[in-house]
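A short worksheet on the structure shown next.
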């Protein structure tokens, strides 16, 4: 079984729109939305949720006022400044390390497990989809990413699917690292801007660090043709397959507004054949 | 005053708004790029970096001669940093959250010391409109909040501080927005933009910070975001229509206010409106 993870470094380059487009033409695949922090793939997939499970991400300290003698040891120990002077734990600042819990001389601090989000198994018009929603201002996005990817894998095994297409998060930090490990290949979707180029380089460095092969494609390539050429040359230098370039087209936004993938919205024409060709090249390299 | 620029969805124009507003204000501004995973502001304001330091977070190192394998450290650690198998003690420093629990419980003097795990670079310099600070997270490092906190330590409250925040709604963006005076949310009128904006607004409300909206590429999409802003009583402080010239200038690392100076006044007006809303909020509370 193979897994293609779509990433970008920079946000807003078109990861989700392209993932959805590929899902609409890929045969026998499972979809996975690993951008659990700001998941958008469901807006195009209109999933029919079959199973909903709470994501119990971590623990948070809670001081029991009746037992607390206000000795102040917890405040001294907490390196996250999460305990206020009135001995109430700030839920946002609490890192869940449990140091105050273990070392409180009065055993006055509870450590309940908290729900950090939900994850779902759904049906879509293009097959099964595993996705999630991290709670607002929550931590542990990496754990949830790992979980949805594992569940997508189980689903693919169960349904005898040979491919998982995963929509990844932006950046190069925790959730991205959790998205990269064990992937067959990454598709890096970039744009021909100084920031797109800069952020792509950092992502390629991360992929090299974790030894995961990459492919590159440029979205909105005609906004800066020289920059696109620079990205193509860079890919060639690094021996990274360049799988194609897509022009800037307001049809992407229009298709999103009606909740369709770009290939459903534009079934024929140059744009759709460009995207289909990119998909063919990706398949060759997977 | 501290203004953070956030969005939920990536690529909506946070950096565009943060950098153009900073440059439009002319002088005495402090621009802090807290998107340490993918910092981009420097590409547009070309700062002269005067100071660069590598920053670290504390992780345990165990002196095997002094360790008695009592397991207290591995028992307290919730992040599985310390593992004991038979007579071997192993550490996985990349998982460490630097809580200090292992040191606090170790009964043997000097058996655990704290050493540094490199988080990345903290750089400071100057640009046309004032001071510039950013963090560049080390590739392979997972945790961005500690480095974001280091960037935020360089805030000068008596200046106008503009924070370019990372995308999303989880810990990195919360770390960047927390305790700022105003959150400027940049969105685009598309279903993705609106969906992620709603999440970001929930996060800002949780933090109790006054906020307002900039709608970028305001003529591409639908009207839902205006409707949402009305029902949520969310002030729309600026609209930037899609303009190929803006997109092309951006692609080359040029500021809007350089290629289209007429925007300078609009960004100054944007700042004045933020100032007014933030004062009104202060008076109300």
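The values are calculated or read from the model by the stated rules, or taken from the named source; none is laboratory data. Every value quoted in this text rests on a predicted model; they were computed, and no experiment measured them. Positions of Cβ are backbone-derived with ideal geometry, glycine not excepted, and every protein chain shown enters the neighbour counts.
Can you name the number of the only condition in (1) more than 17 Å from residue A:135 (Cβ to Cβ); (2) more than 19 Å from the chain's Cα centre (by Cα); (3) not in a helix (DSSP H, G or I) that residue A:114 fails?
Status for residue A:114: all satisfied but (1).
In the set B:104, B:111, which member is more than 16 Å from the chain's Cα centre (by Cα) and away from chain A (no Cβ under 12 Å)?
B:111
Taking residue A:223 as meeting all but one of (1) free of Cβ contacts under 8 Å to residues at least 24 places away in the same chain; (2) surrounded by 18 or more Cβ atoms within 10 Å (Cβ to Cβ); (3) within 26 Å of residue B:16 (Cα to Cα), write down the number of the exception.
(1)
Can you say whether residue A:101 is closer than 30 Å to residue A:131 by Cα and either within 13 Å of chain B (Cβ to nearest Cβ) or surrounded by fewer than 20 Cβ atoms within 10 Å (Cβ to Cβ) (or both), as far as the supplied structure shows?
So residue A:101 fails the test.
State the number of residues belonging to segment B:221-246 that are in contact with a helix residue (DSSP H, G or I) (Cβ under 8 Å, 6 or more places away or on another chain), within 14 Å of chain A (Cβ to nearest Cβ) and at pLDDT 95 or above.
Initially, segment B:221-246 is screened for residues in contact with a helix residue (DSSP H, G or I) (Cβ under 8 Å, 6 or more places away or on another chain), giving B:221-222, B:224-225, B:228, B:232, B:234-238, B:240, B:244-246.
Checking which are within 14 Å of chain A (Cβ to nearest Cβ) leaves us with B:221-222, B:224-225, B:244-246.
Restricting the remaining residues to those that are at pLDDT 95 or above gives B:221-222, B:224-225.
Qualifying residue count for the region: 4.
In segment B:142-193, which residues are within 12 Å of chain A (Cβ to nearest Cβ), over 14 Å from residue B:209 (Cβ atoms) and free of Cβ contacts under 8 Å to residues at least 40 places away in the same chain?
B:145, B:149, B:170, B:171, B:189, B:190, B:191, listed by residue number.
Looking at segment A:54-77, can you tell me whether even one residue there is buried (at least 24 other Cβ atoms within 10 Å of the Cβ), within 14 Å of chain B (Cβ to nearest Cβ) and under 20 Å from the mean Cα position of the chain (by Cα)?
For segment A:54-77, residues buried (at least 24 other Cβ atoms within 10 Å of the Cβ), within 14 Å of chain B (Cβ to nearest Cβ) and under 20 Å from the mean Cα position of the chain (by Cα): absent.
Show me the helices (runs of 4 or more DSSP H) entirely contained within segment B:210-285 in which 3 or more residues are within 23 Å of residue B:3 (Cα to Cα).
B:224-232, B:256-259, B:262-284
Considering only segment A:226-245, state which residues are in contact with a strand residue (DSSP E or B) (Cβ under 8 Å, 6 or more places away or on another chain) and either exposed (fewer than 15 other Cβ atoms within 10 Å of the Cβ) or away from every other protein chain (no Cβ under 13 Å) (or both).
Of everything in segment A:226-245, those that are in contact with a strand residue (DSSP E or B) (Cβ under 8 Å, 6 or more places away or on another chain) and either exposed (fewer than 15 other Cβ atoms within 10 Å of the Cβ) or away from every other protein chain (no Cβ under 13 Å) (or both) turn out to be A:232, A:235, A:236, A:240, A:241, A:242, A:243, A:244, A:245.
Any residue in segment B:6-18 that's outside the structural domain of residue B:129 (by TED's automatic domain parsing): show its pairings with residues that are surrounded by fewer than 24 Cβ atoms within 10 Å (Cβ to Cβ) at Cβ separation under 6 Å, as long as the two are six or more apart or on different chains.
none
Being surrounded by fewer than 24 Cβ atoms within 10 Å (Cβ to Cβ) and touching a helix residue (DSSP H, G or I) at 6+ places or on another chain (Cβ under 9 Å) is the filter here, so list the residues in segment B:21-36 that pass it.
B:23, B:24, B:25, B:26, B:29, B:30
What residue, among those in segment B:210-220 that are within 12 Å of chain A (Cβ to nearest Cβ) and in contact (Cβ under 8 Å) with a residue 40 or more places away in the chain, is nearest to residue B:181 (Cα to Cα)?
Only one residue tops the list, namely B:216.
Where in segment B:54-169 are there strands (runs of 3 or more DSSP E), lying wholly inside it, with at least 1 residues that are surrounded by 16 or more Cβ atoms within 10 Å (Cβ to Cβ) and in the same structural domain as residue B:185 (by TED's automatic domain parsing)?
Strands (runs of 3 or more DSSP E) meeting the threshold: B:112-127, B:130-137, B:160-164.
What are the residues in segment A:11-44 that are in contact with a strand residue (DSSP E or B) (Cβ under 7 Å, 6 or more places away or on another chain), within 14 Å of chain B (Cβ to nearest Cβ) and either under 21 Å from residue B:6 (Cβ atoms) or surrounded by fewer than 24 Cβ atoms within 10 Å (Cβ to Cβ) (or both), if any?
A:13, A:14, A:15, A:16, A:35, A:36, A:37, A:39, A:42
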